[in-house]
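Chemist: Below is one structure. I have some questions about it.
No value in this document is a laboratory result; all are computed from the given coordinates. Values in this document were obtained by computation on a predicted structure and should not be read as measured data.
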Amino acid sequence: MKVDGPRTARASLPTTPPKARALDSRPSTQDVVQQVDFPPFVAELIGGVFDAVVDQSIEQMKAYGELVKDTAQSVDSFRAAQDPTPTLKDDDD
């Protein structure tokens, strides 16, 4: 009996197309959810996003406060530079 090399090689190849084999080897959604421990993962994700938003809001409010303070100082400096006459103050002491 004579064995032909190319036919033997073809016979040993899987009959399932590569794409179908790849899809069959994917883990199911249920497997992924169990591996990831989904509820704690989502809780941490939501907590992390909330903390990041709050931290950025606080930084933004501080920056806005500095902007208002700097603007007010600039207006006072501008007013003082434009009006060289001293301001009268009541001395009731």
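Chemist: Residue by residue through the range 36-50, which ³J(HN,Hα) values in whole Hz follow from phi under the Karplus form 6.51 cos²θ - 1.76 cosθ + 1.60 (θ = phi - 60°), with glycine and proline marked x?
Modeler: Going residue by residue, I get 7, 6, 3, x, x, 4, 5, 4, 5, 5, 5, x, x, 5, 4 Hz, with x marking Gly and Pro.
Chemist: Would you kindly give the portion of the calculated P(r) for the range 39-81 that falls above 14 Å, as a percent of all Cα pairs?
Modeler: Numbers: 595 of 903 pairs.
Roughly 66 percent, rounded to a whole number.
Chemist: A further question follows. So how much slack lies between Leu45 and Val33, counting 0.36 nm per residue of separation and subtracting their Cα-Cα distance, in nm? Kindly include the intermediate steps, with their values, before the conclusion.
Modeler: Numbers: separation 12, 0.36 × 12 = 4.32 nm, distance 1.48 nm.
Extra length from Leu45 to Val33 when fully extended: 2.8 nm.
Chemist: HN-Hα J couplings of the range 68-75 from phi, Karplus 6.51/-1.76/1.60, θ = phi - 60°, integer Hz, Gly and Pro as x?
Modeler: 5, 4, 5, 5, 5, 5, 5, 5
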